[in-house]
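Visitor: Could you have a look at this structure, given as structure tokens, before my questions?
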Amino acid sequence: MSNATMERAEAARLPEGDVVRILLEQHARIRDLFAEVKGAQGDEKKEIFDELRALLAVHETAEEMILRPVAEKTAGAAEAEARNHEEEEANKVLAQLEKMDVGSPEFDTRIAAFERAVIDHAEHEEQEEFPAVRQGCDEDKLKGMGTLLEAAEKMAPTHPHPTAAGSTTAQWLTGPFVSMVDRVKDALTRSRGGS
């Protein structure tokens, strides 16, 4: 069984709307997209990478806004800080990847290293942060966090913004405005046929 398959199976055992279930499902999709990027070429590779980039940007922002403050109380400040630091570093790399030609060998090398870092980060969350959050919160709180996470994702930026990454406060202060700019940029790109 692949890790994405295991993440989906674990997610399916949790109640619908549970914040950890939502995040596990997203982790599985992120793994899938990394695999698809590796197997694609040309415009298809760019489209898949754009989907991966947007999912990662939204996912990490929402985690920092909704999950991390709770994890700081349940898993400890050091754990929350470590995950925020990893997300800050990932945001920088994602911003660099976004500027690269997806057809270049350098892109393939960089995205392979980035994938390893993202998967390592997800595994830390799944093994250390998620269990503590689930233990420290009742089902209503976990579902409430799921609702908040999904709402945060709707207003989260779709492109990496390293200056806000890793800080819950910065995400809350800049996220909605930056998201609006990102979503207009995405719409303009789509209307021009992806150029």
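Laboratory data are not the source of any read-out in this text; all were calculated from the coordinates shown. All of these numbers come straight from a predicted model, not from anything done at the bench. Neighbour counts are summed over all protein chains in view; Cβ atoms, including those assigned to glycine, are modelled from backbone coordinates with ideal geometry.
Visitor: Exposure proxy check: 119, 48 ranked by fewest other beta carbons within 10 Å?
Guide: 119, 48
Visitor: Whole-Hz ³J(HN,Hα) for each residue in the range 56-62, computed from phi via Karplus 6.51 cos²θ - 1.76 cosθ + 1.60 with θ = phi - 60°, x for glycine and proline: what do you get?
Guide: These are the phi-based 3J(HN,Hα) values: 4, 4, 5, 4, 5, 4, 5 Hz.
Visitor: Additional query: I'd like the Karplus ³J(HN,Hα) series for the range 132-144: coefficients 6.51, -1.76, 1.60, θ = phi - 60°, whole numbers in Hz, and an x wherever there's a Gly or Pro.
Guide: Those phi angles translate into 5, 5, 5, 5, x, 10, 7, 4, 4, 5, 5, 5, x Hz.
Visitor: Kindly write out, for the range 64-73 in residue order, the coupling ³J(HN,Hα) from the Karplus curve 6.51 cos²θ - 1.76 cosθ + 1.60 (θ = phi - 60°), rounded to whole Hz, with x marking Gly and Pro.
Guide: 5, 7, 10, 6, 4, x, 6, 4, 4, 7
Visitor: Mean separation of Cα pairs under 8 Å and 6+ residues apart, divided by the residue count of the range 48-119: what relative contact order is that in percent?
Guide: Across the range 48-119, relative contact order equals 23 percent.
Visitor: Take each of the peptides 82-93, 16-27, average the number of other beta-carbon atoms within 10 Å over its residues, and list them starting from the highest.
Guide: Final packing ranking: 16-27, 82-93.
Visitor: When the scattering of the range 60-167 is computed by the Debye formula from its Cα atoms alone, each counted once and equally, what is log10 I(q)/I(0) at q = 0.09, 0.13, 0.17, 0.23 Å⁻¹?
Guide: -0.26, -0.52, -0.83, -1.27
Visitor: What is the packing order of peptides 123-132, 102-111, 63-72, taking the mean over residues of other C-beta atoms within 10 Å and listing the highest first?
Guide: The most tightly packed comes first, giving 63-72, 123-132, 102-111.
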